[in-house]
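The values are calculated or read from the model by the stated rules, or taken from the named source; none is laboratory data. Being a predicted model, the structure only gives us computed values, none of them experimental. We place every Cβ from the backbone using ideal geometry, glycine too, and count neighbours over all the protein chains shown.
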Amino acid sequence: MKPIGVFYATRQGHTQRVAEHVAATLRARGLEADVRNLRDRADGIVLDKYAGAILAASIHIGKHEPEMIKFVKQHRPELEAMPTAFLSVNLTEAGVEDANATPEQHTQSVALVQGMLDTFSAKTGWHPQRAKAVAGALLYTKYNFLLRFVMQQIAKKGGKDTDTSRDYEYTDWAALDRFVEEFAAEIPCEIFG
């Protein structure tokens, strides 16, 4: 059986947690999953050995991780020939999902998230079959002083948590599970033979 490749790029590690969760969801369906950090092991990946691919990249300062952009540019033809999904892990999605956001805040967050996805597609030329924004995390305890201050100011502006003595996770794991289940259900069974 060919595995599903779960490839990710992250800075503070939350996207790794997302990727590992995706792999666990696939494995719970009886599928094999191979998780790879593109920052450490991008060279030598042969996509022909995979039945499909789910790519996950965090966003910092409005941009997806450069390792992911490079990987997608390098492997775009192979990605376009297989079942694929893209997960954009970012804090702006937390604003989209915030039930307490005003309609204006919600609309602004939706536009920002879509803009980041559009920019990623424009930079890479790749249009995944499925894409999902995933609310990320504020990992204050992992940030250096300057990044902690900047992230606190961004969080304050966005109405998010600002106590820098702890971390905050905004990921909707149940929604992510549904997305992965839908992706897995669309992979033809003969690919696994």
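A few notes on this one:
- Criterion violated by residue 160 - all others in (1) in a helix (DSSP H, G or I); (2) touching a residue at least 60 places away in the same chain (Cβ under 8 Å) satisfied: (1)
- Meets criteria (surrounded by fewer than 19 Cβ atoms within 10 Å (Cβ to Cβ), within 28 Å of residue 27 (Cα to Cα), without any contact (Cβ under 8 Å) to a residue 12 or more places away in the chain and assigned by TED's automatic domain parsing to the domain that holds residue 72) for residue 178: yes
- On inspection, residue 132 does not qualify as buried (at least 16 other Cβ atoms within 10 Å of the Cβ), at pLDDT below 90 and within 21 Å of residue 18 (Cα to Cα).
- The set of residues from the range 72-103 being polar (S, T, N, Q) and crowded, with 16+ Cβ neighbours inside 10 Å comprises 84, 88, 90, 92.
- For residue 22, the conditions (1) buried (at least 22 other Cβ atoms within 10 Å of the Cβ); (2) farther than 17 Å from residue 181 by Cα are fulfilled apart from (2).
- Residue 184 touching a strand residue (DSSP E or B) at 6+ places or on another chain (Cβ under 8 Å) and hydrophobic (A, V, I, L, M, F, W, C): yes
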